[in-house]
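Here, each number is a calculation from the coordinates, and none is a lab measurement. Nothing here was measured: the structure is a model prediction, and the numbers come from that model. Virtual Cβ from ideal backbone geometry, glycine too; neighbours counted across all protein chains shown.
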Amino acid sequence: MQKITNYPHLQNPVTAVIPAYNEANHIGSLLDVLYQVKKLTQIIVVDDGSTDDTPDVVRSFCKRDARIQLVCLSANQGKGGAMQAGAQVSDNDLIVFLDADLIGLHPKHVLALIEPVSNGTCSMTLGIFTQGRFQTDLTHRLTPFLSGQRCLSWSRFQSTPDLALSR
């Protein structure tokens, strides 16, 4: 797999990091969407010790798109540990984190997360669900900071205490 490290035409190259645990049934749909987002120069899927075929599905996408990279953790470290593992191997400071089981994601949603951080309008964006399952929509209204969809400058957040332990 070719590792792409330099896109001189982009001011702020972006890496997508996707923590995944037993997501063989969903990860392909997400990667199909991310394939369309040309602003992403790197797409890192962190397999968090899955016991299903998640790594095999991701490997098949690695063959189709040189931007996709698979990082396999030998033991489940939880979402925080998987996020940190992906960010640590990123070639870029600007990172968009996405859950592996997203349904109904479109390239415009990913770009909406990226653009305000990329252009310096804010330090972090959060993706909030609407018009979905009642419980998910309610949770996002009450606790939007728990959203797994976010874009940020990793250098500003990498020293978050106990991130890897947060699961």
Relative contact order as a percentage, the range 14-157, C-alpha pairs under 8 Å and 6+ apart, gives 27
Quick one: in the range 37-119, what % of C-alpha pairs are over 16 Å apart? 57
Ala24 long-range amide H proximity, modeled H, under 5 Å: Asp53, Thr54
Please list, by residue number, every one of the trypsin sites (Lys or Arg not before Pro) in the range 16-65 that is coil in DSSP and has at most 12 other beta-carbon atoms within 10 Å. Lys38
Report, by chain and number, residues whose modeled amide H sits under 5 Å from the one on Ile44, excluding near sequence neighbours (fewer than 5 apart, same chain). Ala16, Val17, Ile18, Gln69
Extension gain, Ile128 back to Asp52 (0.36 nm per residue minus Cα-Cα distance, nm): 24.5 nm
Can you give the Rg and Dmax of the range 14-157 based on its C-alpha atoms, in angstrom? 14.3, 41
Find the all-direction average of the projected area of the Cα convex hull for the range 8-67, expressing the result in square nanometres with one decimal place. 4.0
